[in-house]
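Notes follow once the structure below has been shown.
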Amino acid sequence: MAPIPGSGLAKGLAVTLRTMTKKTVTAQYPDVQPELPPRTRGVIALFEENCTVCMLCARECPDWCIYIDSHKETVPAAVPGGRERSRNVLDRFAIDFSLCMYCGICIEVCPFDALFWTPEFEYAETDIHELTHERDKLREWMWTVPAPPALDPGAEEPKEMAAARKTADKLAAEQAAEAERAAQPPQPSQAAETTEATGTTEAAQAEDAGRPEPPVTPSSGPQEGQS
C-alpha cells in the first residue's frame, strides 16, 4: 500500500505538538547549580596533612601533570639516647589541569588517602597557563569533597571505626566520672570522721606538748663491791 502523501509531515508536527505541551527541564545555570552525582570527576583535591611525598601519584600519572617539591628535615629523638630520624616535608604540590585527563590513577595509587575527587568544576581560566593550580587551591577544593556513601545495613563496621568509637566512649566516660566526683559535695559521715580524726590528732599533740619530759638518769659505772 502506497503511503499517504503528507503522512510524514503530519507525524513530525504531532511530535512537535507533544513536545510543546510538556514542561521544560532546562537548568537555569549558573543561577541554579546542577545536582551532580557523588562520584563526579570534577577536580582533584589535596589533603596535604596525609601526603608523605612518596611520589607515587607523580610517577604513575600518564600525563606527568603532577609537580611535587620537598625537602628533608631531621626529627630529634623521641626519648633520650634514641636515634634521630629524617622526614620529607612538602614544599609544592601542583596539578596542571590543562594536561590532566581525569583518569583517577593518582587517587587510586595514593596509599595515604591524600587525593580525592570533588564535583567542583568551575575553575575555567582565560589563559591556559593559569590552569596549573597549587596546593593552596587544591586544599580549598578539599572542603567540597562529598561524604562517602553509607554502608549497607547488614555490612560489618570497619575495625578502625569501632576502635576509634570505643576509645572515644571510654574517654568520655572517664571525663564524666571525674566531673561528677568534682561536683559532688563530701558526705556528712565522711566530713564528721575527718573532723573527729583531726580533733583526736590535735588533742594528742597538745597532750604530748603539755606532758613534762621524764628525768634523764645518768648511767653509773660499776657499784662498789661488785667485781
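The values are calculated or read from the model by the stated rules, or taken from the named source; none is laboratory data. The model shown is predicted, which means the values in this text are computed figures rather than measured ones. So basically every Cβ, Gly included, is an ideal-geometry build from the backbone, and we count neighbours across all protein chains shown. To get the accessible areas, we keep the full protein, side chains included, count just its heavy atoms, and leave off ligands, DNA and RNA. Shrake-Rupley method; radii C 1.70, N 1.55, O 1.52, S 1.80 Å.
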Quiz item: Taking into account only those residues within the stretch 157-185 that are open to solvent by less than 100 Å² (accessible area, probe 1.4 Å) and part of a loop (DSSP other than H, G, I, E, B), which is nearest to I44 (Cα to Cα)?
Solution: P158
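Here's the yes/no breakdown for (1) open to solvent by 40 Å² or more (accessible area, probe 1.4 Å); (2) at positive phi:
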| site | (1), (2) |
| --- | --- |
| M55 | yes, yes |
| E73 | yes, no |
| V79 | yes, no |
| R83 | yes, no |
| D96 | no, no |
| C100 | no, no |
| C103 | yes, no |
Exercise. Within the stretch 21-59, track down each residue that is of a type in the set (V, I, T) and either at pLDDT below 90 or part of a loop (DSSP other than H, G, I, E, B) (or both).
Key: T21, T24, V25, T26, V32, T40, T52, V53
Self-check item: Members of the stretch 129-156 found to be over 19 Å from T40 (Cα atoms), part of a loop (DSSP other than H, G, I, E, B) and open to solvent by less than 100 Å² (accessible area, probe 1.4 Å), listed by number
Solution: E134, G154, A155
Quiz item: Is it true that D63 is within 25 Å of the chain's Cα centre (by Cα), modelled with pLDDT under 95 and within 25 Å of D127 (Cβ to Cβ)?
Solution: no
Self-check item: Among (1) in a strand (DSSP E or B); (2) under 23 Å from the mean Cα position of the chain (by Cα) - the single one S70 does not satisfy
Solution: (2)
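Take the residues in the stretch 73-100 that are small (G, A, S) and outside any strand (DSSP E or B), then tell me which one is farthest from T132 (Cα to Cα). Explain how you work it out, then say what you get.
Pass one, the stretch 73-100, residues small (G, A, S): 77-78, 81-82, 86, 94, 98.
Narrowing the set further to residues that are outside any strand (DSSP E or B) leaves 77-78, 81-82, 98.
On the way: A77: 39, A78: 39, G81: 46, G82: 43, S98: 7 Å.
Per the criteria, the residue is G81.
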Exercise. Considering each residue of the stretch 26-51, count those that are under 13 Å from W141 (Cβ atoms) and either open to solvent by less than 80 Å² (accessible area, probe 1.4 Å) or among the small types (G, A, S) (or both), and give that number.
Key: 8
Quiz item: Looking at the stretch 105-128, which of the residues that are in a strand (DSSP E or B) and open to solvent by 40 Å² or more (accessible area, probe 1.4 Å) is farthest from K72 (Cα to Cα)?
Solution: W117
